[in-house]
Structure formats: structure tokens, C-alpha cells
Amino acid sequence: MIHRFKQYLKKQFISFPTDFDQQTLPWIDVAKADISDFVDNYTFSDHLPFDLQEKLTFWEKNGYVILENIIPENLIDFYMKDVDELIQHKDQYSTEIRIDLPEYVKNPVQPISAVPMDILMGRFIKINDFHNQSVYGKKLMLHSGIVGFLQAIFNQTPVAMQSLTFLYGSQQATHQDFPYVTSQIPSHLAAAWIPLEDVHADAGPLYYFAGSHKIKKFKFGKGIFYNEHSKKNPDDFAIYLDKLCAQKNSKKRLC
């Protein structure tokens, strides 16, 4: 009887949200957000290396923004030296690697010391949270230009929670991050992509569907977050996003 009662409680308290909580949306995602008024009263506007009103206006419409040339090239060079040090002396590090290859499907996350060099230097590899070992990784992740913009869109101090480093483009299908990376307030999640080489079509750049942050949330069969209760999978999610963005004539843009 006690066991059955516990099972009943467990079922009762599982929540499967079907949208973001409208009461906790970032101010800029609320209908008719007054960007001009926000910028006029925002204390830190003058300290940012870009036109904040222009960037916020673009973000509100498109769901992404490009902050041109705010990262010094030497900082990227120093970080890449740290990445090279990690790879060449991998046995000295505990950094974890995500391997999206068929032979690793059961155990995709491995310590770098256990990953053969030919796998490590190939495709479908992600270096997880290397900012924990690299000072320059921390400096990139917490660069004042990036943090300053995120602080403006949330009107709060942002917290950095995860980093991924690719040697090659991830080749992931179309997706949104929030179903997999769930922040305390799910609508308060933003990703910053820092190219470590010149951006061109053959360099595996990020792509984005302009305005796709406003489309209807995909339902995994049990809410909008992907978990062990989900009835649909990431492939279903990608098909949904591609189809809906095409219907809405949302343009695919390389960033």
C-alpha cells in the first residue's frame, strides 16, 4: 500500500510544460518591448563596443545577433594553443570528450586520455567544458562584449554554464538548445558561438533560421523538453523545425 501511494505521488508531480512560462520571459521577448526606452535607461550602454539599440532590435526580430570583431585575435590564438596542448598531451588531462560515432553510441562521453588520437582528430568530436582547464577559455567565455549583450537581453547578470569546442563543424541537424540544456528559467538560455577561424561556407559555420525563436514549441509527446518520458526524438524535432521554418519563409543564414 505504501509503495502504491509513493507511485501515485510520483505520477502526480511529474510536470510536462507545453510552453515557456509567460510570466518569466525576458523583457525583450514580451510583446511590444520598448527597446528605445530600455537603452535610454540602461546604465551600461556606453561601455559596450557596439550600438546596443541596433543589436537589440535585430535580436528581437531575428533571435540572434552578430557582434563583429569584439574578440581580439590574439585571445583566440592563445586559446587554440591551449587546445593543441590538450590534444598533444591528452594523458595529462581529465577533460571529457563527446563522440557522436556509431561505435560510441552506448558510451559517447569519454575522458580524453581514453580516446585514440585518430578519433580525437576526426569529425563528430566535441571537447566538453575545456574552460575549466584553460584560462583563455574562461576569458573567451566571459568576454565583456558577450556578457554585456547577454546582460542587456536578460536585464540580469548572466551565468556561464557550459562550453563546447569543435575541431570540425558538429554537423548536427536543425535544433534548438532549450529542450536539452535546461536552465533554471528555460526561456533564459542563450548560446554564444565564437568562430576560431574565418567564417566561410566550407568551414562548417553555424546556421540559423531568422525569426525561429518565435515559432510554436515542438512537443516531444510529453512536453517541450527531451527526457526519458519523451515519445518523439531529436530527428522528429529537426523535421518539425525545417518544415515549419520553410512554411514561414524563415531564411537560413550562415553566422
Selected residue (only one of LYS214, LYS222 is touching a residue at least 60 places away in the same chain (Cβ under 8 Å) and touching a Ser or Thr at 6+ places or on another chain (Cβ under 7 Å)): LYS222
Residue match in the stretch 168-184 (condition: in a loop (DSSP other than H, G, I, E, B) and on the phi > 0 side of the Ramachandran plot): yes
Residue within the stretch 222-229 that is assigned to a loop (DSSP other than H, G, I, E, B), modelled with pLDDT of 95 or more, over 30 Å from HIS47 (Cα atoms) and more than 16 Å from the chain's Cα centre (by Cα) present: yes
Single condition PHE237 does not satisfy, out of (1) modelled with pLDDT under 95; (2) in a helix (DSSP H, G or I): (1)
Boolean, LYS219 is in a loop (DSSP other than H, G, I, E, B), modelled with pLDDT of 90 or more and surrounded by 12 or more Cβ atoms within 10 Å (Cβ to Cβ): yes
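Can you find even one residue in the stretch 121-139 that is touching a residue at least 60 places away in the same chain (Cβ under 8 Å) and either touching a Leu at 6+ places or on another chain (Cβ under 8 Å) or under 30 Å from GLU60 (Cβ atoms) (or both)?
Yes, some residue in the stretch 121-139 is touching a residue at least 60 places away in the same chain (Cβ under 8 Å) and either touching a Leu at 6+ places or on another chain (Cβ under 8 Å) or under 30 Å from GLU60 (Cβ atoms) (or both).
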Residues of the stretch 64-98 classified as within 29 Å of ALA33 (Cα to Cα) and either touching a strand residue (DSSP E or B) at 6+ places or on another chain (Cβ under 7 Å) or part of a helix (DSSP H, G or I) (or both), total: 1
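For every residue, the table says whether it meets (1) within 20 Å of GLU96 (Cα to Cα); (2) at pLDDT 95 or above; (3) of a type in the set (A, V, I, L, M); (4) crowded, with 18+ Cβ neighbours inside 10 Å.
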| position | (1), (2), (3), (4) |
| --- | --- |
| MET121 | yes, yes, yes, no |
| ILE125 | yes, yes, yes, yes |
| VAL135 | yes, yes, yes, no |
| LEU140 | yes, yes, yes, yes |
| ILE153 | no, yes, yes, yes |
| LEU164 | yes, yes, yes, no |
| ALA173 | no, no, yes, no |
| HIS188 | no, yes, no, yes |
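Could you tell me whether LEU196 is surrounded by fewer than 17 Cβ atoms within 10 Å (Cβ to Cβ) and at pLDDT below 90?
Spelling it out, it is not the case that LEU196 is surrounded by fewer than 17 Cβ atoms within 10 Å (Cβ to Cβ) and at pLDDT below 90.
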The lone exception for TYR79 - which of (1) aromatic (Phe, Trp, Tyr); (2) more than 22 Å from LYS139 (Cα to Cα); (3) within 21 Å of the chain's Cα centre (by Cα) it fails: (2)
Residue identified as free of Cβ contacts under 8 Å to residues at least 60 places away in the same chain and closer than 30 Å to LYS216 by Cβ among GLU73, GLU60, GLU103, GLU85: GLU60
Residue among ILE146, ILE239 that is hydrophobic (A, V, I, L, M, F, W, C), in contact (Cβ under 8 Å) with a residue 60 or more places away in the chain and surrounded by 14 or more Cβ atoms within 10 Å (Cβ to Cβ): ILE146
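The values are calculated or read from the model by the stated rules, or taken from the named source; none is laboratory data. These figures come from a predicted structure and were not determined experimentally. Ideal geometry is used to build each Cβ from the backbone, glycine not excepted, and the neighbour counts take in all protein chains shown.
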